[in-house]
1. Restricting the search to segment 131-176, which residues are within 16 Å of the ligand (Cβ to nearest atom) and polar (S, T, N, Q)?
2. If you go through segment 159-192, how many residues are aliphatic (A, V, I, L, M) and under 20 Å from residue 207 (Cβ atoms)?
3. Taking only segment 591-606 into account, find how many residues are closer than 15 Å to residue 659 by Cβ, out of contact with any His (no Cβ under 7 Å at 6 or more places or on another chain) and buried (at least 21 other Cβ atoms within 10 Å of the Cβ).
4. How many of the residues in segment 169-183 are in contact with a strand residue (DSSP E or B) (Cβ under 8 Å, 6 or more places away or on another chain) and surrounded by fewer than 19 Cβ atoms within 10 Å (Cβ to Cβ)?
5. Take the residues in segment 391-409 that are part of a loop (DSSP other than H, G, I, E, B) and of a type in the set (Gly, Ala, Ser); name whichever of them is farthest from the chain's Cα centre (by Cα).
6. Of the residues that make up segment 152-162, is at least one touching a residue at least 60 places away in the same chain (Cβ under 8 Å), under 18 Å from residue 365 (Cα atoms) and assigned to a helix (DSSP H, G or I)?
7. I need the full set of residues from segment 89-99 which are touching a strand residue (DSSP E or B) at 6+ places or on another chain (Cβ under 8 Å), over 20 Å from residue 185 (Cα atoms) and within 10 Å of the ligand (Cβ to nearest atom), in order please.
8. Go over the candidates 352, 341 one by one and state the one that is aliphatic (A, V, I, L, M) and within 24 Å of the chain's Cα centre (by Cα).
Amino acid sequence: MGKISALKGISNTFQKHQASYSSPRKRPHKRDHAWLDVSDDDLEVRSAKKQASSSKGMHNQNHAHGPRKKPRVSAPAHLPGREPIQMQRQQLPIYAGKDAVIDVIRQNDVTVLIGETGSGKTTQVPQYLLEAGLAGSGMIAVTQPRRVAATSLASRVATEQQTSVGSVVGYSVRFDEASSSDTKIKYLTDGMIVRELLGDPLLSRYSVVIVDEAHERTLRTDLLIANLKTILQARNGSASAARDPKGKGKGKAKEPSGKPNPLKVVIMSATLEAEKFSKYFGGAKVVYVKGRQHPVTIYHTATSQPDYVDAALRTFFQVHIDQGPGDVLIFLPGQEDIESLEKSIDLYAKQLPKESLGVIILPLYASLQPAQQAKIFASTPPGMRKVILATNIAETSITIPGVKYVIDTGKCKEKRYVAKTTGTGFDTLLTRDITQSSAVQRAGRAGREGKGYCFRLYTEESFKKMPATAEPEIRRCTLTSSLLQLRCLGQNFEELDFMDQPDEGSVASALKTLFLLGALDHTKSLTPLGRQMAAFPLEPPLARALVASAEWGCTAELLTIVSVLSASSKLFVDTHDAREEAADARKKFRHASGDHMTVLNVVKAYEDVSQSEGKKARKDWCRRMFVNERCLAEAANIRAQLRDVCEKTGVDWKASAEGGQDAEARVLRAMVAGLVQNAACLQPDGSYKQLMGPSVVKIHPSSSLADKKVSAIIYDELVYTTQIYARGVSAVPRSFIAEVPVFKRRSV
Ligand SMILES: Nc1ncnc2c1ncn2[C@@H]1O[C@H](COP(=O)(O)OP(=O)(O)OP(=O)(O)O)[C@@H](O)[C@H]1O
């Protein structure tokens, strides 16, 4: 790569869209006005049928802006985002349709609400419903596919309500919650509300459930939607909005007066197949909120860009050098690309002339610690430009203050079940092209506080060829955890009325896993063990290992191990630059039995340093040892939450094997109970053959057992590169495997 000047010389060529990206309804383009107002006719309520024909335009971005109308609230256009917050609320497109939105929701059990990105759906609709009294004595739930959206939205809406997070406005995400008895609006991940179903199958605490970003069709959103249909029947007895073919949903929720407490459901998105959702709910009302607050101009590259990281680098500097102030958000598929681009931007930014704006680079991906993620929301100091390098976790719902430019590589990582190729049944992340819906959502992250620009690193032709929406997760991911939750609710995949039914093979594989773990019996019924496992917010194998630890008196150790394994980042820092030093440092913690006991050694050493030294020394220690402090901090948080579950379910979390002669054996026996499907035995050629699958695997080079040959192993996961590697490996005596009930009748 050349210097900046060379970089500029070979810059990308972009082609501008014929018109700015704007509202779904075609109207003559008159102006780019910062304060687009809409009148009540900008909100339309239509039947699903009528809507189908006009919704076609949703993916066509060559629309013009709405005609200029007198602003409802005057505001200085040169100071976008600086007005008092209540004034900002009144300038959102949805404000003009506030009364109509409330009326439609009041009159219908189920409403499908479509409005452009940034029109104010997610932040305003819950507040409108609260102000209109639709929450009654219950709460309004707003679900989000991602935790960063749930927490940041709660913070924004709390500010708008002039309260702090956790009072009237709260949130609930896995391993973190801020709510109280005062909470009336709760932003929560779809996973958390599905978990709440376990204790409250009719969601009786909620008067309104708003399913936001429903177009993403995550597995948990689909599970929620299927349950909402049943709950509507039970709570409202509503025929139009809920059919209940299997006669489920017994026991109606009651208000204190004894009357059933009816439920309102709102399905929201900017890019939704409205007709499909409406039909699913027996002809639900579809509401369109017209207009967007600020225009976003979209550019496509003239030619395709095979090296999207390099193209993103060039585009960033083109923007940085040629364009005025405003922060930049770059969408990349994953952490590796983010780290690589971070380095390149940093390198070139240092060579910029002194008078240029300084560059603050902020990565954003799911496994980054929440405190690190939150940095993206801080305002940019004068003389600086913030560039956020994000995966698709920044794609929907969030507003990042200051972002004016979006650079979209057109790539994402998608979870996919790989049983068909390997027979082992694991989800793996594959890089692929995004959908039109994602492209629209990504562009929508610009233009939230003023005019925005989106640079797509793909041609307009490629955009047109993209699928409109993604395949629902229920059709492409492992179903084990969801099946366990469903069984706790007395439900089955086959019986529930899903929008899209799951693949039979995936259901069979989930049933097999739960049977092997002892969560289901041979009649597919939930066992007491399965119910105990479901109490822990963990993947079923780890939940099984934790439950088994009670039997072996090593819950303290297992809590530590499963917390580290559940953290979103890895325990050891992987670095290309200092591979040998990193390997040497790791050796200090190495336990002869492998990686699970090694985890305990690292945590213990970290705790010793934490107790005896200050914060800085602890950080230095982590750096020298190539230990990821983020992972340890997150694991400590997870451990505290799991300890609470242990307390509630009567598991003695203090029980420890430490100091006993057989400590290692006890810990490994508990791990084997959970990782029973991930067991493999040594073959004469030095590879390992799965006991429960057809694959032959090798031990991953990062494992402490990489250069050893042992009779049998268990492992956390498989990694697919040129070969299949087992990662997170422990050596176990074959007799431990043979002890697991499912193996008792087989010779190992
Ligand atoms: N944290 C924030 N800081 C500044 N402005 C914000 C913030 N959150 C929201 N806003 C303002 O409120 C507008 C509406 O946001 P909201 O999330 O309600 O829109 P939306 O219609 O749900 O969009 P999307 O479909 O993209 O989620 C934003 O465009 C922005 O102007």
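The values are calculated or read from the model by the stated rules, or taken from the named source; none is laboratory data. None of these values were measured; they are calculated from a predicted model. In this analysis, Cβ positions are derived from the backbone assuming ideal geometry, glycine residues included, and neighbour counts consider all displayed protein chains.
1. Looking only at segment 131-176, we keep the residues that are within 16 Å of the ligand (Cβ to nearest atom), and these are 131, 140-165, 169, 171.
Listed by number, the residues that qualify are 143, 144, 151, 152, 155, 159, 161, 162, 163, 164.
2. Narrowing segment 159-192 to residues aliphatic (A, V, I, L, M): 165, 168-169, 173, 178, 185, 188, 192.
Filter again for under 20 Å from residue 207 (Cβ atoms), leaving 168-169, 185, 188, 192.
Total satisfying the criteria: 5.
3. Of segment 591-606, the ones closer than 15 Å to residue 659 by Cβ are 597, 600-601, 604.
Going one step further and asking which of them are out of contact with any His (no Cβ under 7 Å at 6 or more places or on another chain), we end up with 600, 604.
Now narrow it down to the ones that are buried (at least 21 other Cβ atoms within 10 Å of the Cβ): 600.
Qualifying residue count for the region: 1.
4. Of the residues in segment 169-183, the ones in contact with a strand residue (DSSP E or B) (Cβ under 8 Å, 6 or more places away or on another chain) are 169-174, 177-180, 183.
Pick out the ones that are also surrounded by fewer than 19 Cβ atoms within 10 Å (Cβ to Cβ) and you get 174, 177, 180.
Residues that pass the stated criteria total 3.
5. Within segment 391-409, the first condition is being part of a loop (DSSP other than H, G, I, E, B), and the residues that meet it are 391, 395-402, 409.
Going one step further and asking which of them are of a type in the set (Gly, Ala, Ser), we end up with 397, 402.
On the way: 397: 12, 402: 23 Å.
The qualifying residue farthest from the chain's Cα centre (by Cα) is 402.
6. Yes, segment 152-162 contains at least one residue that is touching a residue at least 60 places away in the same chain (Cβ under 8 Å), under 18 Å from residue 365 (Cα atoms) and assigned to a helix (DSSP H, G or I).
7. Taking segment 89-99 and keeping what is touching a strand residue (DSSP E or B) at 6+ places or on another chain (Cβ under 8 Å), we get 93-94, 96-97.
This time we only want the ones that are over 20 Å from residue 185 (Cα atoms), so: 93, 96-97.
Selection gives 93 alone.
8. On the way: 352 fails: within 24 Å of the chain's Cα centre (by Cα).
It is 341.
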